[in-house]
Amino acid sequence: ALEVQRSFGRRSPRMSFAVILSGFDYVVTVEHHHPCLDILPTYSFCYWDEGTKALRPITLRQKLVSFGIDFNIFAEGRKIGVIDGKLISMGHNSHIKLYDETLSRDNRFMDILILFTCTVGYHKAIRKNIRRRMKGLKGKVLNHHVVDRDEMWLMKNPRRVIR
């Protein structure tokens, strides 16, 4: 639902991933952005670092020139690592290198990066799916946009009185 909402606002597909990890109290939302003329995608999310008790803004910026799909990883504006995508792979085969010692030892943070990296090979298909849902909502295609029950649960007000 958030993808479609943001895609209509921007008039082009915008991906949004909700990461729910076992034993982690927070839902991490990875957002898709195009900062410069829709050329290079950027993804961002906030991560609650339990070790330092701080909320850390993380940015993943695709490299302009690379072999494969590569990203630089930034935390608080400073480069902390890279995702090195292979040129030829099935899905998306890559290596993650982190220079920040505390985050590289944080299994939950690494799980988020691994899950994001697994989606990269499917981004083109995801954008196509979002376009199809947008056309369906505009009435140009005979289908409808169905929001899953679990997604609706994530959208509920956390301060509501549970009945």
**Study point:** Single unsatisfied condition, LYS97 versus (1) open to solvent by 70 Å² or more (accessible area, probe 1.4 Å); (2) part of a strand (DSSP E or B); (3) at pLDDT below 90; (4) not polar (S, T, N, Q)
**Key:** (3)
Point to revise | Count of the range 8-23 residues which are within 22 Å of ASP150 (Cβ to Cβ), among the hydrophobic types (A, V, I, L, M, F, W, C) and open to solvent by 60 Å² or more (accessible area, probe 1.4 Å) | key: 2
Check your understanding: Within the range 105-117, how many residues are assigned to a helix (DSSP H, G or I) and among the basic types (Lys, Arg)?
Key -> 1
Exercise for review: Please verify whether the range 114-130 includes one or more residues that are surrounded by fewer than 18 Cβ atoms within 10 Å (Cβ to Cβ), of a type in the set (A, V, I, L, M), more than 30 Å from PHE8 (Cα to Cα) and without any contact (Cβ under 8 Å) to a residue 40 or more places away in the chain.
Suggested key: no
Check your understanding: THR102 is checked against (1) under 22 Å from SER16 (Cα atoms); (2) in a helix (DSSP H, G or I); (3) modelled with pLDDT of 80 or more and fails just one. What number does that condition carry?
Key -> (1)
Review point. Could you count how many residues in the range 43-80 are open to solvent by 30 Å² or more (accessible area, probe 1.4 Å) and among the hydrophobic types (A, V, I, L, M, F, W, C)?
Key: 9
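The values are calculated or read from the model by the stated rules, or taken from the named source; none is laboratory data. These figures come from a predicted structure and were not determined experimentally. For neighbour counting, all protein chains shown are included, and Cβ atoms are generated from backbone atoms with ideal geometry for every residue, glycine included. Side chains included, ligands, DNA and RNA excluded: accessible areas come from the protein's heavy atoms. Shrake-Rupley method; radii C 1.70, N 1.55, O 1.52, S 1.80 Å.
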